[in-house]
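The block underneath contains the structure these notes are about, expressed in structure tokens.
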Amino acid sequence: MLFLQLLLSGIQTGAIYALTAAGFALIFGATRIFHVAHGATFALAGYAFLACSQAGLPWFVGCLAALLIAVGFGLAMDAFIYRPIQRHEGSFFTVFVAAFGMTIAVQSLIEIGFGRGFAVVDTPLTMARAVVPGLYLADIFWVATGVALVLFILVTLFLERTRAGIGLRALSENPELLRAYGLSSRRLSALAFGLGSALAVPGAVLTAATSGLQPAISAQVMLISLAAAVVGGIGSLRGAALAGLLLGVVENLVISAVDTQWSSAAGFVVLFAFILFRPSGLFGQAVTR
Amino acid sequence: MSAIPLSVRGLDKHFGGLAAVQRVDLDLRPGVTTALVGPNGAGKTTLFNLITGNIVADSGDVLLDGASVRGLRPYEIARRGVARSFQDLRLFGRMSVRDNVLAALEPASWLWQPGGGGARRAREKAVEAALERTGLTAQADARAMDLAYAERKFLSLARILATGARIWLLDEPASGLDPNSRARFVNLVRQAVSEGVTICLIEHNLDIVTELADRIAFLDRGAKLAEGEPQEILSNPQLISIYFGEPR
Amino acid sequence: MIAYLTNLATLATIFGILAASLNLLIGYAGIFSIAHAVFFGLGAYAGAQLAMLLVPDLLLACLAGGLVAGALSLCLALPALRVRGEYFVAASLGLQMMAVTVFSEAHAVTGGHGGLVGIPLASLLGFDISAPATFLMVCLVVLALMLLVIRLLMRGSFGRGLMAIRDSESAAEAFGKNVARLKTLAVVLGCAMAGVAGVLFAFYMAFVNVESFTLEQSILVMAMVIIGGTATLIGPLVGVLLLLLLPAGLSFLPFIPPTEIGSVQQLIYGLAMALLMIFRPAGLAGQSTGQR
């Protein structure tokens with residue numbers, strides 16, 4: 001029963017990871033930018049939601065604020081950090097360092113504004129009830145998995161059915177095709193950042209309501225997104241989502257075998273092993289040599 | 001057999017379902033310049049990559065002086081006297097022009113080079129000579145990425161020149177050069193040939209091909225369709241229509 | 001005041017060694033490791049254990065720390081040989097996270113979260129070198145030696161080989177460079193130097209725990225190298241001075257509450273990293289023209 005309990009909480013964590021990682025993968029797939037500040041997007045959205053509920057505003061206002069902040073931050077990163085860098089050089093490491101610097105800056109701003117401790121938004125949804133004797137489940141489980149599933153389907157449909165979605169997928173591979181379609185690569189990359197950042201919002205809000213936020217969460221989320229993107233095959237949305245789910249489940253299941261302290265390391269053992277033995281990930285093509 | 005510095009035997013390489021190179025035979029002889037000609041995607045660069053060990057062939061063999069180099073790493077093949085240039089040059093951008101050439105002369109991959117001061121002075125002399133011949137002496141201390149386009153092309157040539165390699169594989173070495181630089185390039189290559197270097201080059205400009213090549217190997221869709229004297233190949237209407245991509 | 005300055009100078013020297021060793025990887029070899037604190041830590045634990053179990057001799061401890069860090073750096077060399085770019089950064093992150101867990105759980109060797117307490121005073125060939133001024137001198141000598149070694153190697157064919165690989169791996173290989181061996185050498189050398197820095201750190205603090213070897217530390221060192229300027233001898237030192245003096249300088253500003261100094265410092269170096277990448281990617285000491 002413990003196993004099943006851990007599996008379910010793993011799925012809940014994994015759903016959040018999956019969405020966030022999918023956002024990261026979407027941005028990377030379309031723009032080839034390794035957007036490590038995605039974790040900062042997540043943290044900003046979470047704290048925006050937190051601030052709204054502390055101010056007594058209804059939950060949907062909080063979600064909207066979170067969405068606005070996340071999308072705004074993503075677009076600002078694209079316009080004011082990545083684009084200027086790519087204009088003059090754009091080596092992968094320059095972009096990486098700049099994004100990393102912004103992540104640190106955002107994290108310390110949050111520390112100054114909200115303190116270093118944990119902060120949780122209270123909601124009746126997190127109250128666990130026995131579904132069957134010995135197995136507890138809170139309503140938020142259904143919210144998390146449901147939202148993740150619906151959003152993932154919507155994004156997939158958008159990417160496969162709409163003109164802009166197809167353009168997004170072609171952005172990194174075939175710039176000429178874009179020109180033929182009359183789509184602007186600049187606008188598409190903004191779209192990728194907006195959409196990808198928006199995908200971090202549900203996870204951020206749910207985390208604020210369940211396990212709670214702390215300033216360092218931006219680094220954690222960044223690591224998870226990165227790990228999921230690599231394990232799933234960099235650029236593959238499906239792979240990243242699946243790997244995110246997998247990482248969430250592994251992290252929770254490991255608790256049944258070893259001490260809790262090892263659980264967050266488990267994800268990174270998986271990551272390290274994948275890079276060494278299958279760098280193309282679950283769904284990627286080989287890109288190493 | 002062993003008089004042939006480089007010989008390609010039945011080389012075959014597929015990428016997925018695509019035949020990139022199909023059963024290609026090619027002999028490169030000393031003092032003879034061979035041009036690989038063919039439309040885009042004919043497998044010319046892939047053939048270079050197979051020879052230099054960057055890609056491992058599905059079947060077939062590459063012989064240097066009659067000895068197979070199958071399965072050797074690119075750096076091992078390079079140390080056997082094969083030097084190449086790249087279509088996108090791949091200079092060591094943040095290093096000085098002089099260091100670009102010097103680095104090409106130091107194959108011992110250890111903390112230092114063997115041979116002590118004498119060998120070092122010999123290498124430095126070879127570098128200066130190569131810079132002199134390519135007209136880059138004045139820019140020796142500039143960063144490679146700061147050079148003008150033609151200078152960068154000559155730097156990629158200087159790297160090869162200095163190594164003293166006896167087999168040169170040049171991937172579009174003259175593309176984008178102005179007429180003046182092109183003439184200098186042609187002279188450089190002729191001089192090398194007269195010194196016994198074996199050259200194989202990929203070139204789209206047929207003027208350069210006729211100027212430099214003693215033989216032409218015509219590739220299309222990975223297969224060698226014909227090989228022979230330039231006039232013979234370039235006067236073949238069928239090949240020319242393939243080359244210029246007319247409907248077949 | 002003197003004691004305060006000596007303390008700052010000693011820490012700056014130790015971090016100078018650490019940053020210079022990371023520069024070997026990031027600046028010259030193009031191996032973007034964000035796991036450098038792991039090897040700093042390995043050296044510190046190895047040196048501390050040697051001092052506590054056998055003899056607190058700095059020379060022996062440096063050898064031990066360098067050897068342990070150098071040997072285990074093969075964990076970093078392995079991914080460096082197989083993957084590049086984003087993949088390698090991800091791998092080094094994974095290594096860093098695993099190492100922190102191991103450091104805090106392997107109580108027998110590292111003392112866990114409590115750390116190793118009571119590291120004996122350092123001696124060198126029987127002489128007591130634990131007086132702050134003496135220890136600072138020793139650290140400065142080690143730094144000078146390291147810089148000399150790095151300068152000699154980087155001006156020679158080894159440095160040219162590494163930089164060639166950094167700029168174009170395939171071209172370096174086409175000109176006879178054994179890329180795998182050169183990269184492994186660079187990783188082992190850089191990490192062994194980080195291990196030596198760790199030994200000095202352990203003796204100086206007389207106490208080590210996992211807090212000094214976390215991802216944050218790796219990032220701080222990376223920020224030092226990058227803000228100062230990669231692939232220059234002086235750059236990492238400039239970065240070290242700036243980032244170590246920053247909290248000291250901030251504490252003189254009356255309007256920042258002391259509890260926020262850490263956050264303000266992070267905010268500043270985070271923003272500095274981003275702005276530098278936009279306006280001066282070569283770093284403060286990096287020249288945008290010509291020389292290395």
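None of A:37, A:22, A:30 is under 18 Å from residue A:202 (Cβ atoms), crowded, with 21+ Cβ neighbours inside 10 Å and in contact (Cβ under 8 Å) with a residue 12 or more places away in the chain except A:22.
The residues on offer are A:162, A:103, A:123, and the sole one that is in contact (Cβ under 8 Å) with a residue 40 or more places away in the chain and either farther than 22 Å from residue A:235 by Cα or more than 14 Å from chain C (Cβ to nearest Cβ) (or both) is A:123.
Among the residues of the range B:60-111, those that are closer than 18 Å to residue B:48 by Cβ, of a type outside the set (Gly, Ala, Ser) and more than 10 Å from chain C (Cβ to nearest Cβ) comprise B:61, B:62, B:63, B:64, B:69, B:70, B:72, B:87. Mind checking whether some residue in the range C:263-284 is of a type in the set (Val, Ile, Thr), under 19 Å from residue A:116 (Cα atoms) and more than 8 Å from chain A (Cβ to nearest Cβ)? Yes: the range C:263-284 contains one or more residues that are of a type in the set (Val, Ile, Thr), under 19 Å from residue A:116 (Cα atoms) and more than 8 Å from chain A (Cβ to nearest Cβ).
I'd like to know if the range C:151-162 contains one or more residues that are surrounded by 15 or more Cβ atoms within 10 Å (Cβ to Cβ) and over 16 Å from residue C:24 (Cβ atoms). So far as the range C:151-162 goes, no, none of its residues is surrounded by 15 or more Cβ atoms within 10 Å (Cβ to Cβ) and over 16 Å from residue C:24 (Cβ atoms). When A:144, A:130, A:76 are checked against the criterion of being surrounded by fewer than 18 Cβ atoms within 10 Å (Cβ to Cβ) and within 18 Å of the chain's Cα centre (by Cα), a single residue qualifies: A:76. Can you confirm whether residue C:184 is buried (at least 21 other Cβ atoms within 10 Å of the Cβ) and either assigned to a helix (DSSP H, G or I) or in contact (Cβ under 8 Å) with a residue 12 or more places away in the chain (or both)? Answer is no for this residue. Taken residue by residue, the range C:126-138 has no member that is facing chain B (nearest Cβ under 10 Å), out of contact with any His (no Cβ under 6 Å at 6 or more places or on another chain) and of a type in the set (Asp, Glu). When B:35, B:20, B:108 are checked against the criterion of being part of a strand (DSSP E or B) and within 24 Å of residue B:157 (Cα to Cα), B:35 stands alone in meeting it.
Scanning the range B:1-42 for residues that are surrounded by 15 or more Cβ atoms within 10 Å (Cβ to Cβ), among the basic types (Lys, Arg) and over 25 Å from residue B:197 (Cα atoms) yields a total of 1. Of all residues in the range A:110-155, how many are part of a strand (DSSP E or B) and among the β-branched types (Val, Ile, Thr)? Final tally of qualifying residues: 2. Looking at B:197, B:209, just one residue is touching an Asp or Glu at 6+ places or on another chain (Cβ under 9 Å), surrounded by 16 or more Cβ atoms within 10 Å (Cβ to Cβ) and aliphatic (A, V, I, L, M), and that residue is B:209.
Among the residues of the range A:171-218, those identified as small (Gly, Ala, Ser) and at pLDDT below 75 are A:172, A:180, A:182.
When residue B:242 is tested against (1) crowded, with 22+ Cβ neighbours inside 10 Å; (2) not assigned by TED's automatic domain parsing to the domain that holds residue B:129, just one condition goes unmet, and that condition is (1).
Considering the range B:122-137, the residues that are more than 14 Å from chain C (Cβ to nearest Cβ) and part of a helix (DSSP H, G or I) include one that is farthest from residue B:83 (Cα to Cα), namely B:137. For the structure I just gave you, tell me whether residue C:196 is within 13 Å of chain A (Cβ to nearest Cβ) and β-branched (Val, Ile, Thr). No; evaluated as a whole, the condition is false for this residue. When residues in the range B:110-142 are screened for being out of contact with any strand residue (DSSP E or B) (no Cβ under 6 Å at 6 or more places or on another chain), more than 21 Å from residue B:182 (Cα to Cα) and not small (Gly, Ala, Ser), 12 of them pass. Among the conditions (1) within 19 Å of residue C:235 (Cβ to Cβ); (2) hydrophobic (A, V, I, L, M, F, W, C); (3) more than 13 Å from chain B (Cβ to nearest Cβ), the only one that residue C:162 does not satisfy is (3). Of all the listed residues (B:159, B:190), the sole one being more than 14 Å from chain C (Cβ to nearest Cβ) and of a type in the set (Lys, Arg) is B:190.
When you check residue A:6 against the structure, is it of a type in the set (A, V, I, L, M) and closer than 22 Å to residue A:244 by Cα, yes or no? So residue A:6 passes the test. Go through the residues of the range C:240-256 one by one and say whether even a single one is touching a Ser or Thr at 6+ places or on another chain (Cβ under 8 Å), part of a loop (DSSP other than H, G, I, E, B) and within 14 Å of chain A (Cβ to nearest Cβ). Checked the range C:240-256: no residue is touching a Ser or Thr at 6+ places or on another chain (Cβ under 8 Å), part of a loop (DSSP other than H, G, I, E, B) and within 14 Å of chain A (Cβ to nearest Cβ).
The values are calculated or read from the model by the stated rules, or taken from the named source; none is laboratory data. Everything numeric in this text was worked out from a predicted model, so none of it was measured. As a convention, Cβ positions derive from the backbone with ideal geometry for all residues, glycine included, and neighbour counts pool all protein chains shown.
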